[in-house]
């Protein structure tokens, strides 16, 4: 279960960002990266792939698949612009029970994602 939550948070984090110099305003497309998931005081390494789809205006839906050395986790969610290069939204696990909040920021080709919930957190860095 610990691994499931770790993956959940990593995916949630990964789901939060995506941009390039040519399309800085758009997160649409596929992204991948690595990060860490913290659950009950333990930290695990995670690798994620995220796909953002325009949902209208400045909103995006996303699907994500993340893995640790102990398992794979799938997440879905929705984010919207919070101004400038920041996005916020929610994420939930399709493979395990759980939900959290996503906070995203992008700078050039680098994306930073933070996911938080009542049981843990995750931090990721993604790129195209």
Difference of contour (0.36 nm per residue) and Cα-Cα distance, residue 28 to residue 92: 21.1 nm
Inter-probe distance in nm under a simple model that places probes 7 Å from Cα toward Cβ, at residue 101 and residue 78: 1.8 nm
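Read-outs: derived from the displayed coordinates by stated rules, not from any lab. Predicted, not measured: the structure shown is a model, and the values here were computed from it. Cβ: placed from backbone, ideal geometry, glycine included. Neighbour counts: every protein chain shown.
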